[in-house]
Each structure stands twice: as structure tokens, then as C-alpha cells.
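One structure is given below, encoded as C-alpha cells.
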Amino acid sequence: MAHPRLAVDGVLLLEGRLLTVLRGNPPFRGMHALPGGRVELGEPIELAMRREFEEETGLVVEIAGLVGVYSNPGRDPRGHTVAIAYALRRVGGKLGAGSDAAQIELVDPHHLPPMAFDHADIVRDFLEGGQRYD
């Protein structure tokens, strides 16, 4: 029996700029995206968020709050994937692209470039929440 997959996405502001990765792999290769990825079997979601963020950006983060849960079956062309999006706070590490991130860019969160998946919606919800974690 098929079930939706579970993923995490992280929103991090550094000095008021949104940290994004340029995707190195399909789908949406070359587009801006929030760092994140799939939760591994047996892995706590919070650990998955910290692991994925560090793998893609080199930064160590802590979870500062929940942005939301995103479950539109069409949000990922690879199949039904439910994402839990977190607001994050940097606690260490050195910024550098890794794993499936081709490049890292800091962008204006109020004037986003085209974003992969539903990541523009996640950023909008984060901004509408009025919380600042940078």
C-alpha cells in the first residue's frame, strides 16, 4: 500500500536575508529552494531537519518554531510528499553548499526569485507569522 512520503524544509534568515539553495538535482534543477529533504525511516523529524540543513548548507541549526505542514499531493512531482516546515536559528557551522545543493544564495524574503515546490508559500507563511529568528 502506497503512502505519502515525509519531508522537512527549513527557513533561516541571516541578517534579514533568506538562505536558499540552488537545486543541483531534478526536479526543479537550478531553481531556488529551501534547504531540506526526506525524513529517513526511524529518524525523528527534528533530527532530520537539522541533518538535512547541515548536509546542504554546512550550518548547524536549532528549531525555533513551526511554520506549517504542507500536504498538497501535487507539491512534489516525484509523488505525494508531506513537508513540515520549520523556522530555524543558526548555532554554528560554516556556510557552504553540499549534498544536492549546487549553490547557496541569500535572497530578499520579500522579493523572492522563482522557488521550487511550494517553497514561496512556506516563506510567505513564515513572514505572515511575524516572527524573526535571525
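Since every read-out is calculated from the coordinates, none of them should be taken as a lab result. The structure presented is a predicted model; accordingly, all values stated were derived computationally and were not measured. Neighbour counts are summed over all protein chains in view; Cβ atoms, including those assigned to glycine, are modelled from backbone coordinates with ideal geometry.
Quick look at the numbers
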{"quantity": "Any hit, region 102-112, residues being touching a Phe, Trp or Tyr at 6+ places or on another chain (Cβ under 8 Å), of a type outside the set (D, E, K, R) and either within 14 Å of LEU14 (Cβ to Cβ) or not in a strand (DSSP E or B) (or both)", "calculated": "yes"}
{"quantity": "Filter result for GLY16 (within 18 Å of GLY129 (Cβ to Cβ), loosely packed, with under 15 Cβ neighbours inside 10 Å and not hydrophobic (A, V, I, L, M, F, W, C))", "calculated": "yes"}
{"quantity": "Pairs, first under 18 Å from VAL61 (Cβ atoms) in region 23-48, second in a loop (DSSP other than H, G, I, E, B), C-beta under 7 Å, six or more apart", "calculated": "ALA33/ALA116; ALA33/PHE117; ILE45/VAL39; ALA48/VAL39; ALA48/GLU40"}
{"quantity": "Region 6-63, residues that are of a type outside the set (D, E, K, R) and more than 20 Å from LEU106 (Cα to Cα)", "calculated": "LEU6, ALA7, PRO26, PRO27, VAL39, LEU41, GLY42, PRO44, ILE45, LEU47, ALA48"}
{"quantity": "Qualifying residue in region 102-114 (condition: under 30 Å from ALA2 (Cα atoms), touching a residue at least 40 places away in the same chain (Cβ under 8 Å) and not aromatic (Phe, Trp, Tyr))", "calculated": "no"}
{"quantity": "Filtered residues of region 39-87 (kept if part of a loop (DSSP other than H, G, I, E, B) and of a type in the set (S, T, N, Q))", "calculated": "SER71, ASN72"}
{"quantity": "Output for region 113-130, where each listed residue is farther than 21 Å from ARG38 by Cβ and part of a loop (DSSP other than H, G, I, E, B)", "calculated": "PRO113, PRO114, GLY129, GLY130"}
